[in-house]
Structures are given as C-alpha cells and as structure tokens.
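Chemist: Have a look at this one before I ask anything.
Bear in mind that the values in this text are calculations on the coordinates, not laboratory data. Computed from a predicted model, the values in this text were never measured in an experiment. Glycine gets a Cβ as well: all are built from the backbone with ideal geometry, and neighbour counts include every protein chain shown.
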Number of protein chains: 2
Amino acid sequence: MAKAPPVDRRRQILDAAVRVFARQGFHACRVSDIADEAGVAYGLVYHYFKSKDQVMNELFTERWSLLLAAIEEVDKRDIPPREKLDAVAGFIIDSYRHDPDLMKVIIVEVTRAANSFGRTHMPEIKRAYDGIAKIVADAQSAGEFRDDIDPELASMWFYGAIEQLLSAWVFGLIPADEDSFERARAMVVETVCGGLEARRD
Amino acid sequence: MAKAPPVDRRRQILDAAVRVFARQGFHACRVSDIADEAGVAYGLVYHYFKSKDQVMNELFTERWSLLLAAIEEVDKRDIPPREKLDAVAGFIIDSYRHDPDLMKVIIVEVTRAANSFGRTHMPEIKRAYDGIAKIVADAQSAGEFRDDIDPELASMWFYGAIEQLLSAWVFGLIPADEDSFERARAMVVETVCGGLEARRD
DNA sequence: GGCAGTCGATTGACTGGTCAGTCAAACGCC
DNA sequence: GGCGTTTGACTGACCAGTCAATCGACTGCC
C-alpha cells in the first residue's frame, strides 16, 4: 500500500519550477536552480520527472486543462454571448491575478513560444481558440453578432487581446493593481463585443 | 579607396540567418547552421558580427525602425483615425506578406520573447505602442473615438490583435493566401474601430 | 611583365565552459 | 534487513567564440 509522504515533493518541485521559470525563463535556468529553489537535491528532480521539459509540460497541462474546462462550462450557460466572453476573459485574468508567475510562464514559454513548447502544445492551444470560436459562431447564428466576421479569426483576436494585456502586465508596461485588472477586463470585453455585436441602428 | 566587394557577405549572412532562425528558431540553431546556409566558413560570421546575438539584433532593428518610421509618417497624414489605423495594420501585414520569414523571426524571437530579446528591445517595442497610442489619443481629443478607454491599453490591444493574426499565419492555423491577408486586415480594422469609435446614436 | 610585400577577407580546427541527465551509494521508515 | 526516497559527484555532448594559418586582390618597384 502506497502511503502519502508527509511532504509532497513533486508539488514542491513544480512550485519551485514556476518561480524559477518566471524569474529566469525556461531556457536560461538550470535544473539545479529548480532543485535549489525547492530545497532538494539535484537528482530528486529526475526521480519525479523524466526531464526538464516534462516539468514544463506538467505545469502547462495542469493549468490549461482548467481553462479548457472553464470555456466549455461557460458555453453551456444560458446567458448572452457578451456575458460568455466576459466570463472567459474574467477567468483568464483571474488566473493571472491568482498566480501571476504561473501565467507568465505559460504565456511566455508556451502560448507565445512558436519554436519550443508552443509547437508541441498547439493542439491544446487550438482547442481553446475553437471553444471561443464556437461561442462567437453561435452568437452569429442567433443574430447577436454580425456574421460577416470569421469566428476563427474573431476568437484569435479576442484571446490575443487578453493575452496582450497579460503580457503588458508581465512586462510591467502597465500597473498590475486590482483596479487595473477590473478596468482592463471591462475594456477588452466592451470593445471586443462593441466590434462584434450586430448594430441595432 | 575602399571598393565594394562583388558580393555583400554581410547581407548574405543576415539573409541566411533569417531563413535559419525561421526554420529552427534562434536558440535551437547553431552558428554553423547560419554559416552553412550562407555558404561561408564558420569563422566569417564572427568577422562581420560580434556574436550570434548581434545577428539577431541587427535583423530586428533593421525592420523595426521601418515600422516606427511608418507609424510616425502615418500619424502626420491628414486623414481620419480609422484610416490611420488601417494604414498601420496594412504596413504590418504587408511586412509579413513581403517577407514572412523575417516577420516570423521578429515576432517569435523578439516581440513575443519576454525572456530574451523582448527584454533588451523593450524600449523600441514600446515606442511602437506609444505611436499607436498617440493616434488613438488624438482621435479621442477630436471626439472621434470614445474617450473612456485608456489609449495605452487600446494601442496594445490593437497591436496585439494584429500580431495574433500574424502568429496564426506563422503557426499555420489559418491559410496565408492573398485573399486571407486582405480579409484579415479589413476585419481587424473594422472591429477594432467598431469598438473604439464614438457611437453616433 | 614579373616579383615581393601588404592587408583585409576567409577558413575551419580547436578550446573552454556549460549543463542535462545518470548512477551508485546513503538514508530512513517500516 | 528491505525498499522506496534522496543525495550530489560525475559524464558525455554540445556549441559559442577564438585564433593562427591561408588566400587572393592589389600596389609599387625593377
């Protein structure tokens, strides 16, 4: 019978990796940095993970699956499309608010890294776009959004706008206080929907 | 009197570097790959450039300064803000159309690479945001754009939307034919301005 | 014309340092 | 004393950057 160890080393290493990746970047850091940050021996990282890459993959998948689930759940709700997009934007921004380091790592090292993890995780990333595209397409069918805009493009545009905001926080280009989060979220949804909604005049 | 050599080795190496960086990524490629692609000896790269990094910096600065000049020039024109943004979007999309490899490299390795070149070139990147923000701010003063939106955020959002499109082409998520370029450009400007323009109802 | 000398362009073998991943030994809980 | 956990020194591969040697275009001198 396997017993739970008093401390979850695996978790400890993953959490340390987030901090190290956020601080130095995946490629610039050494595995020994992660071990040091976690306060464990170098070799232990390889006891719990097959490779340095696998640590990153684990972090990404863990968080991204939450996003995918959230998009799916939001889509099922019986609310207007604007509120659906608002909920999705809110989820992503809250993810950043809750754990900026992890989101920074995911954005910088995966979703925006076309040459490394972005390539390997493309199917999962695309699944998020597709989920958003579905919300837009449904809104178009219902006559709520103008239907002369490709839902695929609209979804990338919507997600891209949010990611750009997070990047601006990551880069420190705009202040990252509570107020800023709320205003940014409102602005993205307001303007995106403003551009997408069918004019009623 | 210095004479121009029959072949511009420096240019030859830069052009080869673009192809190699686009194909393999900056970090994944070796300097010898660049030399091979250019058809010159390894050491010659170091005759013309101080380091591998400097090759990348050169490529970025060369192209980015054109963008900065274009934004400035567009801003001076006496045309409505929507057309200004349309011209900026057009310039960026045309840059991609004209030299997809170079734009891919710049986006993937610089503007979206928060941990490497993105950090070192942040001032230049920010200058582009500022230029766009100025267009938005002026439009707000003139009452053409709604003024409850922070121009800084709006500029990031606008640039981010375009970059997201380019990324989608880079990743092969959407077709990259002439028709697609035109529709995408129209959509970005249409929806962004749709969201930003003061409602007249 | 032929020859020696100069100097920047060009070559590619080599060096030094870095780091992911291995492994055999030590630990400590049962 | 057995077994999963933990340790950290070590290895092997990789690669940016160096450098001494070679090339070859051109000059000036006889």
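Chemist: Considering every residue within the stretch A:72-81, establish whether at least one is within 11 Å of DNA strand C (Cβ to nearest atom), surrounded by fewer than 17 Cβ atoms within 10 Å (Cβ to Cβ), of a type outside the set (A, V, I, L, M) and closer than 28 Å to residue A:123 by Cα.
Modeler: First, the residues of the stretch A:72-81 that are within 11 Å of DNA strand C (Cβ to nearest atom): none.
No; the residues of the stretch A:72-81 include none that is within 11 Å of DNA strand C (Cβ to nearest atom), surrounded by fewer than 17 Cβ atoms within 10 Å (Cβ to Cβ), of a type outside the set (A, V, I, L, M) and closer than 28 Å to residue A:123 by Cα.
Chemist: Okay, moving on. State which residue is nearest to DNA strand C (Cβ to nearest atom) when the search covers only the stretch A:24-38 and only residues that are in contact with a Phe, Trp or Tyr (Cβ under 8 Å, 6 or more places away or on another chain) and outside any loop (DSSP other than H, G, I, E, B).
Modeler: In this case the residue turns out to be A:31.
Chemist: Out of the stretch A:17-31, which residues are of a type outside the set (Gly, Ala, Ser), more than 8 Å from chain B (Cβ to nearest Cβ) and either buried (at least 18 other Cβ atoms within 10 Å of the Cβ) or closer than 9 Å to residue A:109 by Cα (or both)?
Modeler: Pass one, the stretch A:17-31, residues of a type outside the set (Gly, Ala, Ser): A:18-21, A:23-24, A:26-27, A:29-31.
Next, only the ones that are more than 8 Å from chain B (Cβ to nearest Cβ) stay: A:18-21, A:23, A:29-31.
Answer for the stretch A:17-31, where residues must be of a type outside the set (Gly, Ala, Ser), more than 8 Å from chain B (Cβ to nearest Cβ) and either buried (at least 18 other Cβ atoms within 10 Å of the Cβ) or closer than 9 Å to residue A:109 by Cα (or both): A:18, A:20, A:21, A:29.
Chemist: Let me ask something else. Within 16 Å of DNA strand D (Cβ to nearest atom), in contact (Cβ under 8 Å) with a residue 60 or more places away in the chain and of a type outside the set (D, E, K, R): which single residue out of B:21, B:49 fits that description?
Modeler: Working: B:49 fails: in contact (Cβ under 8 Å) with a residue 60 or more places away in the chain.
On inspection, the qualifying residue turns out to be B:21.
Chemist: Which one of A:113, A:142 is crowded, with 17+ Cβ neighbours inside 10 Å and not basic (Lys, Arg)? Break it down stepwise before answering.
Modeler: Numbers: A:142 fails: crowded, with 17+ Cβ neighbours inside 10 Å.
Checking each option against the conditions leaves just A:113.
Chemist: Confirm whether residue A:87 is in contact with a Lys or Arg (Cβ under 9 Å, 6 or more places away or on another chain), aliphatic (A, V, I, L, M) and crowded, with 16+ Cβ neighbours inside 10 Å.
Modeler: Values: in contact with a Lys or Arg (Cβ under 9 Å, 6 or more places away or on another chain): yes; aliphatic (A, V, I, L, M): yes; crowded, with 16+ Cβ neighbours inside 10 Å: yes.
Yes: the conditions hold for residue A:87.
Chemist: If I go through the stretch A:160-177 residue by residue, how many of them are of a type in the set (D, E, K, R) and over 14 Å from the mean Cα position of the chain (by Cα)?
Modeler: Kept after step one, since they are of a type in the set (D, E, K, R), are these residues of the stretch A:160-177: A:163, A:177.
Cutting the leftovers down to over 14 Å from the mean Cα position of the chain (by Cα) gives us A:177.
Qualifying residue count for the region: 1.
Chemist: Let me ask something else about it. Determine whether the stretch A:111-118 contains at least one residue that is more than 14 Å from the chain's Cα centre (by Cα), under 24 Å from residue B:194 (Cα atoms) and at the interface with chain B (Cβ under 9 Å from one of its Cβ atoms).
Modeler: Here is the first cut: in the stretch A:111-118, the ones more than 14 Å from the chain's Cα centre (by Cα) are A:114-116.
Adding the requirement that they be under 24 Å from residue B:194 (Cα atoms) leaves none.
Within the stretch A:111-118 (the criterion being more than 14 Å from the chain's Cα centre (by Cα), under 24 Å from residue B:194 (Cα atoms) and at the interface with chain B (Cβ under 9 Å from one of its Cβ atoms)), the answer is no, since none of the residues qualifies.
Chemist: Of all residues in the stretch B:169-201 being of a type in the set (Asp, Glu) and in a helix (DSSP H, G or I), which is farthest from the other protein chains (Cβ to nearest Cβ)? Spell out how you get there, then give the answer.
Modeler: Looking only at the stretch B:169-201, we keep the residues that are of a type in the set (Asp, Glu), and these are B:177-179, B:182, B:190, B:197, B:201.
Filter once more, so that each one left must be in a helix (DSSP H, G or I): B:178-179, B:182, B:190.
On the way: B:178: 16, B:179: 12, B:182: 12, B:190: 7 Å.
This residue is B:178.
Chemist: Return the only residue of A:148, A:130 being part of a helix (DSSP H, G or I) and not aliphatic (A, V, I, L, M). Quick ask: steps written out before the conclusion?
Modeler: Numbers: A:148 fails: part of a helix (DSSP H, G or I).
Every option except A:130 fails the conditions.
Chemist: Of all the residues that make up the stretch A:39-56, how many are within 9 Å of DNA strand C (Cβ to nearest atom), assigned to a loop (DSSP other than H, G, I, E, B) and either at positive phi or over 25 Å from the mean Cα position of the chain (by Cα) (or both)?
Modeler: Of all residues in the stretch A:39-56, those within 9 Å of DNA strand C (Cβ to nearest atom) come to A:41-47, A:49-55.
Subsequent filtering for residues that are assigned to a loop (DSSP other than H, G, I, E, B) retains A:41, A:49-51.
Filter again for either at positive phi or over 25 Å from the mean Cα position of the chain (by Cα) (or both), leaving A:41.
Of the residues in the stretch A:39-56, 1 are within 9 Å of DNA strand C (Cβ to nearest atom), assigned to a loop (DSSP other than H, G, I, E, B) and either at positive phi or over 25 Å from the mean Cα position of the chain (by Cα) (or both).
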